[in-house]
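What follows is a single structure, written as structure tokens, with notes after it.
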């Protein structure tokens, strides 16, 4: 786009565009003052510096987020014994036996800080959500870039944008009030709010993310690949399945990882729809508690400087690390894909 | 460029105005924060009080008893609602800052145990409740009910209710890990109303709705089970005040408001809460008033 | 395409072709159905509740009756403050990236930062807002200025700042796109007339890119209005029927001027939905209010998005026309 613009319109610049005309007039006015040049240079420098400093805000923000999260999170590591983050031995009141348990119950006279149920809960929601959303998201991407004619695409694309624009709290509320009933009726689950309800809600959020990235990647496949495949007599589906998809599979993998990062970080849907039971389970029909829901549910109520306060920041640090890593992987892959494709 | 300047000017006006008016609002506003159990009544108190005194602004936020007291000590709220008494270390934290927390008992609350209307179980002892919530009793059959697994609904760990239940029923043991921690007592009520296998706990005030049954609780297996509900009124769930006042019902607790700073507005508000009018509102919402006159007048 | 070898393989090829079209089309259909599944009940139940009095009244009777005016007002003032903070920084960053450094290593580092910022979970922004804005900046300001507890508590300002950081990537990316869409020939023309870089940028490029930047700003506002997690700890209030406004005496004005108070807490639509659905006195009884609030939030963000989408397509078409 950029390159085309640069080459294709050089000739046109000869006839003076009204904007350029206006610029010229403005110019003539400024040029009349003689001290303009020297003053101008200092001004230019100043402005460039100002813009540069502004552009650092994003990086500074990330650094500050990192610092403030980890500064408090690390304090949890120093005040709470490390083994406590895995689990603790507790004496069972009824059988009087000592058992090893993974418990997250950070209040009470003997608080327990096991991160295992929170991490397993997070993935029990995020993995199915990614699975569901990858299927539909890649399908949508293929539909938009390979099947739909331009007019149909113009019609279909706003739907994805619409889905992406729904606030997550609305999806959470919907899953809590209506969606959970449907799922309970279909699967006859004993937990009304469970990991699957959360996963379906979360997949609504990440389908548009995956679909739009997949579409971009497919669009960027060089025409030669397509043309070569058609020239060999392949049909459209054969071209897509055996030429295009293998060619841009890293890009699609990046889309899926990006979607998963979003799924792990999603908060309002899981806090409302997963039932919030901090248990270690692999049953998708049981209630679970994710890391995000734990922070959202508990941070508002802890005293600053208490162990629970630091433990919640530690949970936040873990969350930050996981999603940051996933973003990094996505960026890394996309960077390489961009070089190969024309993105 | 002009748009930028306009925006900057606009935001400038905002901040200028805010700083100009700063002492204007600080004198009127009273912030109340704390217990989710009390947020219903606190909010109603604020609403009615502001109707009577249009010059006052009372701002109410929930968040849990711990939050309320912590904010009180940190200075971010004027009054703290608490469904548990203040802890010794909290008093000391306040003293270190040179302040003495003042306690006012504003009402009482009966913690109800609630099951679905279709559940045949009528009574549970504290030990049975402990068995259920620690994960040792897993089927209603063991308690004389149907052959169904028990779904445990609990509150979020920041609530005073959660702590009270943990201390008084679970004897400080841990909740079973499959307890679903819901963010509010209303959510517990909603969940149990939809789940014939469910059991939940919370302020009786929340359980005035169809499909729910508040059951009797006994202190020990062989003792008489006490019903916290006055069944003589069939139309609505009404708390049985006598069993709560006498201490017969094992799961009742006082509700407090704490303050550090003395001001005329705060005092006027607290006095009004304790007046007949304020207590009547508490009674209407299903709490147990401490001012007997408020009930006698009904 | 038609010179397949025999009829059997031709059949299987056709089957594959059909399967491909159906599977991809099915995914798209599922998305449409999903939207219908979510929208229909909310719009249906919501439309029954939303009346002028619902929109312009405060909650009453312990939030079981009345309207949601404070929440609507809170949301609007929150996104206003947010965009005022995010727009200048976002546009400057995009201008620097596109007009000054383009594809240099600096630009790559900054872009990586922006992309990573976009991927951070919203709840982490909430933690950050509490830890940085309220406890670090706010408390230290209070200590230095001796203002007691003015800055170091949850407030509209801090919530807006937290959201501003969250939507910064949205502003940057869409502004970049808008700037790139301005043909290079315009810049070349300006340079040829002797304009410096900043003069070219401010008088030619930014002027041309204005509709695109506005689109991005609207998208950011829509995103900000829908976020809940970052404001949970930074300023949203459960119940606060009075608007976060102070009345100021201005000399020469016959009445008191109402001005937004950025140090107040506020009610907010998205947060209101969350607490009404989980913490109100009777979740079932207040369902109509929940649906009504959801309806308002949904329509609000939908209108923002629609404006942005329409503006963008109009702007793109215009641009295409100007290029021909």
Using just the Cα positions, wrap region B:40-123 in a convex hull and report its mean projected area in square nanometres, one decimal place. 8.4 nm²
Taking each residue of C:107-117 in turn, how many C-beta atoms of other protein chains fall within 10 Å of its C-beta, and what is the average? 6
Which angle from 0 to 90°, rounded to the nearest 10, does the C-alpha axis of helix B:2-20 make with the longest principal axis of chain B? 80 degrees
Two-decimal Rg to Rh for region A:115-342 - Kirkwood Rh, Cα set: 1.05
Checked region C:1-91 with the C-alpha gyration tensor, a ≥ b ≥ c its square-rooted eigenvalues, rounded below a/c of 1.5, otherwise prolate if a/b is larger than b/c and oblate if not; verdict oblate
Gyration tensor on Cα atoms of chain B, a ≥ b ≥ c root eigenvalues, a/c under 1.5 rounded, else prolate if a/b beats b/c, else oblate, says prolate
How high is the relative contact order of chain A, in percent, with contacts defined as C-alpha pairs under 8 Å that are six or more residues apart? 23 percent
Can you tell me the convex hull volume per residue for region C:180-324, based on C-alpha atoms, in Å³ to the nearest whole number? 200 Å³
Just grab the label-to-label distance for residue A:77 and residue B:264, each label 7 Å out from Cα along the Cβ direction, in nm (one decimal). 5.6 nm
Using helices alone, what [θ] at 222 nm do you get for chain C, with -39,500 (n - 2.57) per DSSP H run of 4 or more residues, divided over all residues and rounded to the nearest 500? -22000 deg cm²/dmol
Gyration tensor (alpha-carbon) shape descriptor, region C:49-323, a/c threshold 1.5: prolate
Dividing the Cα radius of gyration by the Kirkwood radius, what Rg/Rh value follows for region A:46-140? 1.23
What does the average come to when, for each residue of peptide A:302-315, you count the partner chain Cβ atoms lying within 10 Å of its Cβ? 3
Nearest 10 degrees, 0 to 90: helix A:195-219 Cα axis against chain A principal axis: 20 degrees
Which value, to two decimals, describes the C-alpha radius of gyration of the protein assembly as shown once divided by 2.2 N^0.38 Å? 1.01
Put a dot 7 Å past each Cα toward the Cβ at residue C:145 and residue A:116; how far apart are the dots in nm? 4.9 nm
State the three equivalent ellipsoid semi-axes of region B:109-252, derived from the C-alpha gyration tensor as the square roots of 5 times its eigenvalues, in descending order and whole Å. 20, 17, 16
Taking only Cα atoms of region A:147-270, the Rg to Rh ratio with Kirkwood Rh works out at 1.10
Could you estimate the translational diffusion coefficient of region A:215-343 from the Stokes-Einstein equation, with Rh from the Kirkwood formula over C-alpha pairs, at 4 °C and 1.567 mPa s, in whole µm²/s? 73 µm²/s
Kirkwood-Stokes translational diffusion coefficient of region A:144-189, alpha-carbon pairs, 20 °C, 1.002 mPa s, µm²/s: 166 µm²/s
For the protein assembly as shown, give the share of DSSP beta bridges that are antiparallel, in percent and rounded to the nearest 5; count only bridges with both residues there. 65 percent
By how many degrees, between 0 and 90 and to the nearest 10, does the Cα long axis of helix B:264-274 differ from the longest principal axis of chain B? 20 degrees
When chain C is treated as a GNM, springs tying every alpha-carbon pair under 10 Å, which of C:141, C:76, C:232 comes out with the largest mean-square fluctuation? C:141
Relative contact order, percent, chain B [alpha-carbon distance under 8 Å, six or more residues apart]: 23 percent
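Every number here is computed from the coordinates shown, using simple stated rules; none is lab data. All values reported here derive from a predicted model rather than from experimental measurement. In this analysis, Cβ positions are derived from the backbone assuming ideal geometry, glycine residues included, and neighbour counts consider all displayed protein chains.
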